[in-house]
1. May I ask you to list the residues in region 126-154 that are open to solvent by less than 40 Å² (accessible area, probe 1.4 Å), within 20 Å of Met15 (Cβ to Cβ) and part of a loop (DSSP other than H, G, I, E, B)?
2. Could you tell me which numbered condition Arg170 fails, if it satisfies all but one of (1) open to solvent by less than 40 Å² (accessible area, probe 1.4 Å); (2) in a helix (DSSP H, G or I)?
3. Step by step: first the residues of region 173-192, then only those that are loosely packed, with under 12 Cβ neighbours inside 10 Å and among the aliphatic types (A, V, I, L, M), then the one that is farthest from Leu123 (Cα to Cα). Which residue is that?
4. Within the group Leu50, Leu64, Leu81, which residue is surrounded by 15 or more Cβ atoms within 10 Å (Cβ to Cβ), at pLDDT below 75 and not basic (Lys, Arg)?
5. For region 178-203, enumerate the residues that are aliphatic (A, V, I, L, M) and in a loop (DSSP other than H, G, I, E, B).
6. Quick test of your reading of the structure: Arg206 fulfils all but one of (1) at pLDDT 85 or above; (2) open to solvent by less than 40 Å² (accessible area, probe 1.4 Å). Name the failing condition by number.
Amino acid sequence: MQLIKIGELARRSGMPVPTLKHYVREGLISATRKTGKTMSWYDPALVDRLRAIKELQDRQFLPLDVIRESLDRGAAAPDDLAAAEAIAKVLQRHGGGKSRTRAEVLARGGNPRELDWLARMGLAVPSGPELRYAGDDLALLSTLAAARHAGLAAEMLPFSILDRYLSALRALVAAELEMFRAGVFPRARAGEVERLTTVATQLSERLVVLLRRKLLLPTLSRLVEEETDARSPRDRSRPAARRVRKQPGPRGRRTARRSGH
């Protein structure tokens with residue numbers, strides 16, 4: 001078997017190299033052999049797997065983690081598959097129909113290093129021969145660009161701050177899906193999983209927005225109190241000899257006297 005480089009795999013599959021690298025990070029495909037830190041060789045048979053991935057993405061709108069599990073075990077569980085399809089349809093409706101190429105995003109002031117970082121994180125990955133951003137990927141880029149234009153410069157809110165967002169949101173989403181699968185799947189009537197998933201997905205988006213709004217001011221107050229408490233011990237620990245008290249002096253004048261003397 002003659003192995004090929006990722007560039008040749010991209011040519012045969014019709015997918016851009018950044019997309020293939022994203023699939024590698026997500027565990028959908030893997031190199032057969034590595035000959036260095038940056039040199040990997042792939043099985044040409046991966047072309048069929050890549051076409052299957054594209055089919056599941058484009059026609060069934062399945063997220064990558066479900067696609068990976070589906071391909072690895074031959075078929076997804078019926079409830080998981082129905083839930084994934086429902087979630088994907090909701091997300092697609094919110095995403096809108098606009099798309100922009102990488103060149104168009106850069107022409108609007110996008111930073112190539114930031115775009116590369118977002119692609120590595122799987123947050124905004126262009127797809128297709130023209131490397132177009134669409135749906136929530138494009139919405140994310142537009143939101144971050146609006147922040148920059150409003151004066152929130154990279155020094156104030158760097159793109160890397162999304163690491164903390166991602167960690168918190170991954171935990172939130174994992175808890176949400178675990179509770180849904182444990183609570184709904186065993187109790188849903190036949191054929192009801194997709195409808196219930198659609199309702200739950202729409203409800204959870206509203207709940208997250210509302211709960212975040214409810215938590216903003218209380219959390220800010222708590223942070224201020226914690227910072228104040230953290231500073232107080234330093235103030236109290238100053239040596240007594242350095243504290244100065246005002247004492248009445250002769251002829252009505254006030255003189256400074258060190259405490260303890």
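1. Pro126, Gly128
2. Here Arg170 meets the rest and fails (1).
3. Here the answer is Ala190.
4. Leu81
5. Hits for region 178-203 are Val184, Ala188, Ala190.
6. (2)
The values are calculated or read from the model by the stated rules, or taken from the named source; none is laboratory data. Small disclaimer: the values here were computed from a predicted structure and weren't measured. Positions of Cβ are backbone-derived with ideal geometry, glycine not excepted, and every protein chain shown enters the neighbour counts. When the accessible area is computed, the model is the full protein with side chains, heavy atoms only, and any ligands, DNA or RNA have been set aside. Shrake-Rupley method; radii C 1.70, N 1.55, O 1.52, S 1.80 Å.
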